[in-house]
Amino acid sequence: MSNFEKPSKPEDEYFVRQELERRKKWAQEQSAKMAVAEKDRLKQLHFMKCPKCGMDLSTIEFHGIKIDRCSSCSGTWFDAGEIEQLLSPQNSGMFGKVMSLFR
Ligand SMILES: [Zn+2]
């Protein structure tokens, strides 16, 4: 049996603890890498897909605002900040114009 498996002296215990700490750190790093890889995988899988029915979204650009619309269920999706931009007082009536595109 090696010293690693059966520490017999306080010095050995120190090294075993150090080794366990190193392995724990490695496992945490692996876990973080896997989380990043999983996030990438999910993005690849769902990018520009309708969150309701899973079909492709197509982008229509109107007055600088990119509107993603589902080719199947006609769900309409806005990126962060776009709804606020459409509903802002300086863009009065813009939201209605955008919606009339789809009527
Ligand atoms: Zn859809």
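Quick notes on this structure:
- Scanning the stretch 25-57 for residues that are over 10 Å from the mean Cα position of the chain (by Cα), within 16 Å of the ligand (Cβ to nearest atom) and surrounded by 10 or more Cβ atoms within 10 Å (Cβ to Cβ) turns up 48, 49, 50, 51, 52, 53, 54, 55, 56, 57.
- Residue 86 vs. criteria within 16 Å of the ligand (Cβ to nearest atom), out of contact with any Ser or Thr (no Cβ under 8 Å at 6 or more places or on another chain), free of Cβ contacts under 8 Å to residues at least 60 places away in the same chain and assigned to a helix (DSSP H, G or I): no
- Yes/no for residue 39 being in contact with a Phe, Trp or Tyr (Cβ under 8 Å, 6 or more places away or on another chain), free of Cβ contacts under 8 Å to residues at least 40 places away in the same chain and assigned to a helix (DSSP H, G or I): no
- Remark: residue 64 falls outside the filter, which requires a residue to be in the same structural domain as residue 96 (by TED's automatic domain parsing), at pLDDT 90 or above and of a type outside the set (D, E, K, R).
The values are calculated or read from the model by the stated rules, or taken from the named source; none is laboratory data. Just so you know, these numbers come straight off a predicted model, no measurement behind them. Neighbour counts run over all protein chains shown; Cβ positions are idealised from the backbone, glycine included.
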